[in-house]
Amino acid sequence: MITASITVRLFAALRERAGWAERQVALPAGAAAPTPASLWRQLGLGDTLPAQVRVAVNQVFASADQRLEPGAEVAFLPPISGG
Amino acid sequence: MADPLPGNIALQLQLHPERFDPLVALAAWQRSLAASGAEPAAAEAHFIGRVRGVTAAGVPLEALELEHYPGMTEAQISRLAADCAQRHGLRAVRVDHRVGRVLPGEAIVLVAVTADRRGPTQRGGQELLEALKHEAPFWKREWSGGVGAWVEGNTAF
């Protein structure tokens with residue numbers, strides 16, 4: 001049986017602080033859909049999502065409070081420094 | 001590589017894992033615009049950014065490391081370019097950006113745009129560059145004395 005899951009990705013300083021780049025979080029049948037903010041807590045990344053950390057869902061910037069669909073890819077992005 | 005944006009704007013976007021020559025990229029872009037058969041735009045603005053030789057703390061820099069989010073970085077640059085093109089009436093946009101390890105003096109970014117007038121061209125190019133620096137997922141790490149430090153935020157405008 002295939003278990004529904006969500007992929008969580010970390011980048012740059014966040015990845016190195018946590019010591020991992022990607023995790024699959026299984027979704028127990030019947031449980032409420034998680035949000036990026038709830039996954040942040042669940043994965044031991046911190047109590048509350050810091051204001052400077054941005055969230056992307058399926059590679060588009062998104063709210064930390066949106067409900068995640070099975071199969072979604074959520075990424076936590078530290079402050080951007082491009083160019 | 002050339003994706004049509006809303007309003008028939010042509011975007012050429014390239015991320016380079018190795019050193020690139022911005023003048024070669026510009027020449028290729030201009031040749032492709034000429035080959036498209038479209039009437040040449042009257043105004044064209046270019047910005048080339050290079051890695052400075054000192055860190056934010058003022059010590060000599062060995063290298064800058066550029067991390068990105070494959071897939072999202074390209075998609076986000078396309079969205080930013082489309083948005084900027086629409087606001088300023090740009091006709092063509094070219095963006096080149098380095099990823100990986102970049103040495104002092106090497107080009108890190110090229111933004112080139114065309115439009116019908118110098119004002120919208122220069123404003124559109126400047127706005128797209130600023131959008132890239134703040135809204136496209138890239139992260140810099142400065143290497144100095146064998147130690148890497150993530151850069152949080154951007155240098156002064």
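The values are calculated or read from the model by the stated rules, or taken from the named source; none is laboratory data. Being a predicted model, the structure only gives us computed values, none of them experimental. Note that we place each Cβ from the backbone using ideal geometry, even for glycine, and neighbour counts take in every protein chain shown. Accessible surface is based on the protein model in full, side chains and every heavy atom, while ligands, DNA and RNA are left aside. Shrake-Rupley method; radii C 1.70, N 1.55, O 1.52, S 1.80 Å.
Count the net charge of all other residues whose Cβ sits under 15 Å from the Cβ of B:Pro137, scoring Lys and Arg as +1 and Asp and Glu as -1.
+2
Go through A:Ala21, B:Thr114, B:Tyr69 and say which Cα lies farthest out towards the positive end of the charge dipole of the protein assembly as shown; charges sit on Cβ, +1 for Lys and Arg, -1 for Asp and Glu.
Farthest towards the positive pole: B:Thr114.
How big is the Rg/Rh ratio for the stretch A:5-77, C-alpha atoms only, Rh by Kirkwood, two decimals? Spell out each step's value before the answer.
Details: Rg = 11.3 Å, Rh = 12.2 Å.
Checking Rg against Rh, the ratio lands at 0.92.
Inverting the mean 1/r over all pairs of different Cα atoms, compute the Kirkwood radius of the stretch B:40-90 and quote it in Å.
On the way: mean 1/r = 0.0691 Å⁻¹.
Result for the stretch B:40-90, one decimal place: 14.5 Å.
Between A:Glu22 and B:Ala42, what is the FRET efficiency for a Förster distance of 41 Å, r being their Cβ-Cβ separation, to the nearest 0.05?
On the way: r = 48 Å, r/R0 = 1.17.
Efficiency, from the Cβ-Cβ distance: 0.30.
Where does chain B land at 222 nm, in deg cm²/dmol rounded to the nearest 500, when only DSSP H runs of n ≥ 4 count, each adding -39500 (n - 2.57), divided by all residues?
Values: 3 runs with 49 residues, N = 157.
Mean residue ellipticity at 222 nm (helix-derived): -10500 deg cm²/dmol.
Helix by helix through chain B, keep the DSSP H runs that span 18 Å or more along the axis on Cα and average at least 0.0 on Kyte-Doolittle, and give those back in order. Show your work: numbers first, answer last.
On the way: long enough: B:22-35 (19 Å, 0.95); B:72-88 (24 Å, -0.46); B:118-135 (25 Å, -1.33).
Membrane-span-like by this criterion, though nothing is claimed about a membrane: B:22-35.
How many angstrom lie between the C-alpha centres of the stretch B:86-157 and the stretch A:18-83?
Here the answer is 27 Å between Cα centres.
Once you put a point 7 Å from the Cα of A:Ala33 and another 7 Å from the Cα of B:Asp21, both along the Cβ direction, what distance in nm separates them?
5.2
Could you report the accessible area of B:Leu13 in Å², rounded to 10, computed with a 1.4 Å probe on the protein chains as they sit in the structure?
Probe radius 1.4 Å; accessible area of B:Leu13 about 30 Å².
For chain B, set up a Gaussian network in which alpha carbons nearer than 10 Å are linked by springs, and say which option among B:Ala82, B:Ala38, B:Ala27 fluctuates the most.
Top of the fluctuation ranking is B:Ala38.
Suppose a student asked you for the relative contact order of the stretch B:2-150, using Cα pairs under 8 Å spaced at least 6 residues apart; what percent would you report? Working shown, then result.
On the way: 284 pairs, mean separation 51.4, N = 149.
Normalised by residue count, the contact order of the stretch B:2-150 is 34 percent.
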